[in-house]
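Every read-out reported here was derived from the displayed coordinates using simple, explicitly stated rules and does not represent laboratory data. Owing to the predicted nature of the structure, the values given are computational and were not obtained by experimental measurement. Ideal geometry is used to build each Cβ from the backbone, glycine not excepted, and the neighbour counts take in all protein chains shown.
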Amino acid sequence: MNVTAGERIAASIVSFLALAIAVAYVMDRIGLTIAPFVVLAVAVTVAVATFNALRPIGPGERGEEFAFAAIVAAVVAYLQWLARPALLPIGGGPDLTHHLMLVDYIERHWRLVHDPALGAVMGEMADYTPGLHLLAALAGAWTRTDGLHTIYPIVVLTVALKAGFILGIAMRVLPRGVPRLPFAIAAVVMLFAPREYFLRSFSEHSFLAQVVAELFAVAMWWALVVWDEEPSIAATVMFAIAGVGAFFTWPVWIGPPLLVLVVMVASRAGLPVRDRFAAIVMGGGPIAIVAAVHAVGRMRALGIAGTTGFVVWPSVEMFGGWFLVLGSAGVVVAATDRRTRSIVWLVAAVALQAAALFVVATRSGADRPYLALKMAYLAIYPLAVAASLTLAAVWGWMGGTGRKGWMGSPSSPSRPSSLLPWAIVAVVAVLVVRPLIKEARPKAVVSQPMFLAGRWARTNVPPACVDYLVRDDDSAYWLHLAVLGNARQTARTRDEATFDPKQALIRWIQPEGLPFAITDDFDALPKDIRTSVDVVQRFGPAGVIKRRGSSTCTEDKPQSALSRQN
């Protein structure tokens, strides 16, 4: 398995992440307490073994390795800039809180959720595949911080590596008769065109597990492309490792790559039947095993396929009309050559799974086919590479040699100027960057001062007796569940007024309310409230306050199952 230096490093990181998840999961499954530094030792060992097993080759074109490093670094820098200075999660919505609840549970107990009674506390997170949450908790232990502070850097790393893998895939499938590097870079740039699917999935909607799992899914595709060039055990093992990571993080993504594996192996000319069987078993077998193990006692979780949920309906505007045109044309071009057909198979597999999930959701009565619509988030990756193939085809045909020439040997003197591909990349970059610049910077609903105030309150006052004087209802929801550890299935949690900022202010102007509250900015509170409370503890602008005079709280002690176990 020959790879470039960038691919070698990226594959090793994917192995590290997948094995860290798998080892922690196995430790819990056999009844052991998860030991973060034991997990670290095993994951590092496997990552080093992966690095040594991959044979380094020179870059396909001059500057490829620099481009790989520059792309990964640029994506990391941009996403860190979005979250500056705190580098905490920048999205909102209930999903963020639910993910952080499971991270908090793992950190406090170093085990996964097994008690069915905790379903009332954790909701669907009790049965959720815990890949991202294990990584966040483990990284918090390794860095002596916590999962809240590591979960966003993990997302950033995976998004950047996805971009790097797309560069590697494009470099491998683009024809040798064109300058591949500029068009491969264009594929990465075009990922930012459908911002709803590449960025807002975590910067706005907090689909964090899904986003991290996309790295594993793209790595599975990359392993298939490498295998298609030269079938090898290393490529199928890499596919399996990434597949295990994908399943444990967000199993919805394993379907399309597995279908592509079967199609590519079955259609590979000249491959003995024994080798075909071995490739499918080695690539898909480990994924099937972990899926079977995880499914034991959790079959009810399959019901999510028929549920509804918030996700945007795909539209031309969401993708960008020009992106869809280039991507669709590229899929047609890809169908004409064996080396590029993995693009076609992956797009078809995504569409097939989306159709199946749509049927299941429709028959279940869901008003919005949640998981079927989610497949659009995975479709952008093959479409971006397909779009780069379209650009390369246009450039080749402009040289007057036709399809045979551009798909064949390196460029001849009759071709357009070598600067033209870079000019095309510049035009694509302008199309992508202009709307990106206009996007408002996300406003985080979590903050370090609020986190410190909530953590202090969880230890020192009854969590069920705390109100939330904060600007955003998502902040209140996060404090209530993920920081204070209150249960989801309670009357107070189900009451939307609990988290409504205006209703909270009214409750604290009126008498006989809850005795304590967390505020994100004490100085910004109305004067009527500031002068009628005692500040129990301050954490910068945030703090814990106590009502003067009489108050009411039906529960004097923390009543959530999480609190009882602490």
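Taking a ≥ b ≥ c as the square roots of the eigenvalues of the Cα gyration tensor of region 1-98, is the shape rounded (a/c under 1.5), prolate (a/b larger than b/c) or oblate? Since a/c reaches 1.5 but b/c is at least a/b, the shape of region 1-98 is classed as oblate.
Take every DSSP beta bridge whose two residues both sit in the chain; close to 60 percent of them are antiparallel. Taken over region 448-565, the alpha-carbon convex hull comes to 91 cubic angstrom per residue. Put a plus charge on the Cβ of each Lys and Arg, a minus charge on the Cβ of each Asp and Glu, and nothing anywhere else: the dipole of the chain about its Cα centre is then about 840 debye.
Straightening the chain between residue 332 and residue 281 buys 15.3 nm, computed as 0.36 nm per residue apart minus the Cα-Cα spacing. The magnitude of the dipole of region 448-565, with charges of +1 and -1 set on the Cβ of Lys/Arg and Asp/Glu and taken from the Cα centre, is near 340 debye.
So how far, in whole Å, is the C-alpha centre of region 63-113 from the one of region 177-246? When both Cα centres are located, 17 Å separates them.
Measuring r between the beta carbons of residue 355 and residue 460 and using R0 = 35 Å, the FRET efficiency lands at 0.05. For the chain, rounded, prolate or oblate, judged on the Cα gyration tensor with a ≥ b ≥ c (square roots of eigenvalues), a/c < 1.5 rounded, else prolate if a/b > b/c? Prolate is the answer for the chain, as a/c is 1.5 or above and a/b outweighs b/c. Summary of packing: across the peptides 517-525, 335-343, 19-27, the per-residue average of other C-beta atoms within 10 Å ranks them, highest first, as 19-27, 517-525, 335-343.
In the chain, the calculated helix contribution to ellipticity at 222 nm averages -20000 deg cm²/dmol per residue, counting -39,500 (n - 2.57) for every DSSP H run with n ≥ 4.
Legend: calculated FRET efficiency, residue 439 to residue 494, from the Cβ-Cβ distance at R0 = 35 Å, rounded to 0.05, equals 0.55. Counting only DSSP beta bridges whose two residues both lie in region 448-565, roughly 70 percent are antiparallel. Phi angles across region 94-109 convert, under the Karplus curve 6.51 cos²θ - 1.76 cosθ + 1.60 with θ = phi - 60°, into 3J(HN,Hα) values of x, 4, 4, 4, 5, 4, 5, 4, 5, 4, 4, 4, 4, 5, 7, 10 Hz, Gly and Pro given as x.
Ordering 171, 220, 398 from the fewest to the most neighbouring beta carbons within 10 Å gives 398, 171, 220. Residues 13, 545, arranged from fewest to most other Cβ atoms within 10 angstrom of their Cβ, appear as 13, 545.
Counting beta carbons within 10 Å around each of 371, 259, 208 and listing the fewest first gives the order 259, 371, 208.
Taking each residue as 0.36 nm, the span from residue 144 to residue 534 lengthens on full extension beyond its C-alpha to C-alpha distance by 137.1 nm. Peptides 232-242, 287-297 ranked from most to least packed, by the mean per-residue count of other Cβ atoms within 10 Å: 232-242, 287-297. Its relative contact order, with pairs defined as Cα atoms under 8 Å and 6+ residues apart, puts region 448-565 at 35 percent. Taking the Cα centre of region 194-256 as reference, the dipole from Cβ charges on Lys and Arg (+1) and Asp and Glu (-1) amounts to some 220 debye. Between the listed residues 254, 183, 212, the Cα displaced farthest toward the positive end of the dipole of region 165-261, a dipole computed from Cβ unit charges relative to the Cα centre, is found at 183.
The packing ranking of peptides 532-543, 173-184, highest mean first, is 173-184, 532-543, where packing means the average number of other beta carbon atoms within 10 angstrom of each residue.
Relative contact order of the chain, taken over Cα pairs closer than 8 Å and 6 or more residues apart, is 16 percent.
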